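Colleague: Next up is a structure, given as structure tokens.
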Amino acid sequence: MLSLSQATEAGTLYRVEEIAALASMAHEAGLAVHMDGARCANAIAASGGTPAEMSWRAGVDALSFGATKNGALACEAVLFFDAERAASFAFQRKRGGHTLSKGRFLGAQMEAYLVDGLWLDLARRANAAAASLANGLLRAPGVRRAWPTEVNEVFVVAPRQRVARLAEGGGEVL
């Protein structure tokens, strides 16, 4: 199986063309393609693409659609784009101890999360906040980006003395 994290662990995006190319190679090798979508909403909001373009149309077979890193409480969904692949999922989930006794409350939360595009609104706000934070941090002397800030993750490289000051809880952030 090929498993892609969207957005990546570095906070960057897989573009639709990249997903499609990787999925094509995986499928040619007889592998299924899974997308870990913990920040899927942020990636969709940042790319301007559609959920379909960034998943099943690009060759993704299964998507773990996360809501937890976008404002929900312990709420995730798994989407299979092929019914055959989903056939034993309920059994495997229960056997693995992932069936919550009050799961309906998470289902209600997911429904509210999806209504009227709330999930994308939250993702856009988080992406904008991350961009603002990154821009502010970059104004400090000696601070640079480790990777582009494309979603709601910011990675910077800063001089040791500034990082030590942060750890001490000093007044000056950077």
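Colleague: Enter the mean projected area of the convex hull around the alpha-carbon atoms of the chain, in nm², rounded to one decimal.
Modeller: It is 12.8 nm².
Colleague: Then there is this: Could you work out how much longer the chain between residue 164 and residue 3 gets when fully extended? Use 0.36 nm per residue separation minus the Cα distance between them, nm to one decimal.
Modeller: 54.4 nm
Colleague: Right, here's the next one. Report in % the part of the accessible area of the chain that belongs to carbon and sulfur, leaving out ligands and nucleic acids; probe 1.4 Å.
Modeller: 57 percent
The values are calculated or read from the model by the stated rules, or taken from the named source; none is laboratory data. In this text, all values refer to a predicted model and were calculated from it rather than measured experimentally. Only protein heavy atoms, including side chains, enter the accessible area calculation; ligands, DNA and RNA are left aside. Shrake-Rupley method; radii C 1.70, N 1.55, O 1.52, S 1.80 Å.
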